[in-house]
Amino acid sequence: MDDPLFSRKMSKFLETIPDVRDGLTRTERLVLYVLHETQRELNGRNVPTAMLYGRVLEYVDMSEAELHVYLDRLGVKGDGYSNPVN
């Protein structure tokens with residue numbers, strides 16, 4: 001099938017499937033990558049959520065609420081520390 005709508009829908013669907021190696025989706029991996037790179041630029045300081053959101057938007061279209069859902073799922077807190085795994 002060469003239906004562009006089908007291809008686009010299938011691509012969006014495949015982005016939601018976690019990778020078998022680490023369990024992260026493409027979007028989760030992208031958020032972590034952008035967070036890491038931004039922390040490096042800021043010499044290890046905490047990254048403001050607004051700055052992270054702006055940089056993530058360069059790669060993927062999402063709302064602020066969606067970013068917060070991803071950050072919660074990944075264990076990133078507003079103070080820059082990870083949630084402990086219990």
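The values are calculated or read from the model by the stated rules, or taken from the named source; none is laboratory data. Nothing here was measured: the structure is a model prediction, and the numbers come from that model. Backbone-built Cβ (ideal geometry, glycine too); neighbour counts: all protein chains shown. These area figures cover heavy atoms from the full protein model, side chains too; ligands, DNA and RNA do not enter into them. Shrake-Rupley method; radii C 1.70, N 1.55, O 1.52, S 1.80 Å.
Given a 1.4 angstrom probe, what's the average accessible area per residue across region 26-76, in square angstrom?
64 Å²
Return the long-range amide H neighbours of residue 25 (sequence gap of 5 or more, or a different chain), with a cut-off of under 5 Å between placed amide H atoms.
Placed amide hydrogens put 19 under 5 Å from residue 25.
Label-point separation (nm) for residue 57 and residue 24, each offset 7 Å from Cα along Cα-to-Cβ?
Going by the 7 Å Cα→Cβ label model, 2.3 nm.
Under 5 Å between amide hydrogens, which residues at least 5 positions from residue 46 or on another chain qualify, with H placed 1.01 Å from N in the peptide plane?
none
Quick one: 3J(HN,Hα) in Hz for region 24-38, Karplus 6.51/-1.76/1.60 with θ = phi - 60°, rounded, Gly and Pro as x.
3J(HN,Hα) across region 24-38, in whole Hz: 8, 7, 4, 5, 4, 4, 5, 4, 5, 5, 5, 4, 4, 5, 5.
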